[in-house]
Amino acid sequence: MRPGTQNSKTVENRPVPLLGILISGRGSNLRAIVEAIAAGQLRAKVAVVISNRRDAAGLDVARAAGIETLVMPHRDHATREAYDRGLAEALRTRGVALVCLAGFMRLLGPAFCAAFPNAILNIHPSLLPAFSGVDAQRQALEHGVKVSGVTVHFVTPELDAGPIVMQAAVPVVDADTIDTLSARILEQEHRLYPQAIARVIDGRWRIDGRRVVFGD
Ligand code: GRF
């Protein structure tokens, strides 16, 4: 999504931005986005939910909300590039303006990122750049940090390394297990992701080096 400026009077006249949400599992962030839209907190529409796994529970969340779902197993494609091309094509033909990864467990390559410049978001359950990759909550607990959190960032081909849109801190307490810490972080994920999507859709931001800077 390219940054731009806008006048608040013109916002309601603009077409509703279409989101494409990629999942691999449970879909609780997808649910939070769908609920934020229904509650009028996020002016967007989910055009399609795509899962690389047929058994992703999040597909039922989408179906229950009347959203089109697609299952695109990566094994059906010979190469990562072919998969990325298929994915980009499916999103493009549906008019998707912003791609939101919500627990999508596949690395997207340069071709996919180039197809949606500054228009792919991911949510990660730590304060990046700490604890990138899988099991971020376990990594945080094992490292002994006293504060962890959530990051929403733009996606680049490097894992969990794109410019940061929003973050929220979450305390780690002595009694924490991976489950209790994950649950506390997840609560903040559900709050933060719709807000971050709204800010990106709003268009009043620019990327300065690694920094996402908001305002006209
Ligand atoms: C979340 O913790 C998210 O931060 C991470 O994967 C998990 C997805 O959970 N990228 P859900 O499928 O949205 O419930």
* Any chance you could count how many residues in the range 104-117 are assigned to a loop (DSSP other than H, G, I, E, B), away from the ligand (no atom under 16 Å from the Cβ) and out of contact with any strand residue (DSSP E or B) (no Cβ under 6 Å at 6 or more places or on another chain)? => 2
* Asked: When only residues in the range 47-83 that are modelled with pLDDT under 95 and either acidic (D, E) or touching a strand residue (DSSP E or B) at 6+ places or on another chain (Cβ under 7 Å) (or both) count, which is nearest to the ligand (Cβ to nearest atom)?
  -> D76
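Can you go through L127, L98, L186, L181 and tell me which one is at pLDDT 95 or above and over 29 Å from L59 (Cβ atoms)? Spell out the reasoning first.
Values: L98 fails: over 29 Å from L59 (Cβ atoms); L186 fails: over 29 Å from L59 (Cβ atoms); L181 fails: over 29 Å from L59 (Cβ atoms).
Result of the check over L127, L98, L186, L181: L127.
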* Which members of the range 84-103 meet the condition of being more than 15 Å from the ligand (Cβ to nearest atom), out of contact with any Phe, Trp or Tyr (no Cβ under 9 Å at 6 or more places or on another chain) and not in a loop (DSSP other than H, G, I, E, B)? -> G86, E89, A90, T93
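Could you list, in sequence order, all residues of the range 20-46 that are polar (S, T, N, Q) and either part of a helix (DSSP H, G or I) or within 13 Å of the ligand (Cβ to nearest atom) (or both)? Before the answer, list the steps.
Within the range 20-46, the subset polar (S, T, N, Q) is 24, 28-29, 41.
Scanning the range 20-46 gives S24, S28, N29.
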* **Close pairs (6 angstrom Cβ cut-off, 6 or more residues apart or separate chains): basic (K, R) in the range 98-114, not in a helix (DSSP H, G or I) anywhere** => R106/N52
* Asked: Which residues, counting only those in the range 133-155, are away from the ligand (no atom under 11 Å from the Cβ) and either part of a helix (DSSP H, G or I) or of a type in the set (S, T, Y) (or both)?
  -> R138, Q139, A140, L141, E142, H143, S148
* Output the residue which, of all residues in the range 156-206 that are under 20 Å from R26 (Cβ atoms) and either among the polar types (S, T, N, Q) or in a loop (DSSP other than H, G, I, E, B) (or both), is farthest from the chain's Cα centre (by Cα). => T177
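The values are calculated or read from the model by the stated rules, or taken from the named source; none is laboratory data. Please read these numbers as outputs of a predicted model, since none were measured by experiment. Heads up, the Cβs are rebuilt from the backbone with ideal geometry, glycines too, and the neighbour counts pull from every protein chain shown.
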